[in-house]
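Undergrad: This is the structure, below, for whatever I ask next.
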Amino acid sequence: MSDDKTNFAMIKIYLILYLIYFTSGEDKNNAPNGCGSSKFIINDGLKEVGEGSLINCCNDHDNCYLYCQGKHYCDNKFYDCLVSSCSHLSFIRRQLCHMDIDGMYLAVNLLGSTFYCTEKNLNSTIEISQFKK
């Protein structure tokens, strides 16, 4: 049974990575979009399984990347937020939530460089900072 759960978790992780990598594309704006890439958003799926609270973590992570606050800092803050968001769930739900966290965290570690502090983000940061004056 444990091997089946491990295999299922790995399949889920690879599916998330595949979809994020191959569906990532140029987004029309830099606003946080929840969890996923511009063409593959998993917000509805997270809500359906009772993990909607993870979406706030994704939005915070998007903002952290947008403002170039440090990739490792953003990723670690993201992980801590995800773990904290799952803590209120029942034992079984929490275990399933942690499988999702593993996939999401692996995705940002392996593929996040594509989205972190891009030229587009830098231009947006400059534009946004001009409005704050």
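All of the numbers you see were taken from the coordinates with simple rules; none came from a lab. All figures in this text were calculated on a predicted structure; none of them were measured in a lab.
Undergrad: Could you derive backbone 3J(HN,Hα) for the stretch 99-104 from the dihedral phi with the Karplus parameters 6.51, -1.76 and 1.60 (θ = phi - 60°), listing whole Hz in sequence and x where the residue is Gly or Pro?
TA: With coefficients 6.51, -1.76 and 1.60, one gets 5, 5, 4, 4, x, 5 Hz.
Undergrad: Collect residues whose amide H, placed 1.01 Å from N in the peptide plane, falls under 5 Å from the amide H of G34; neighbours closer than 5 in sequence don't count.
TA: Those lying under 5 Å, H to H, from G34 are N59.
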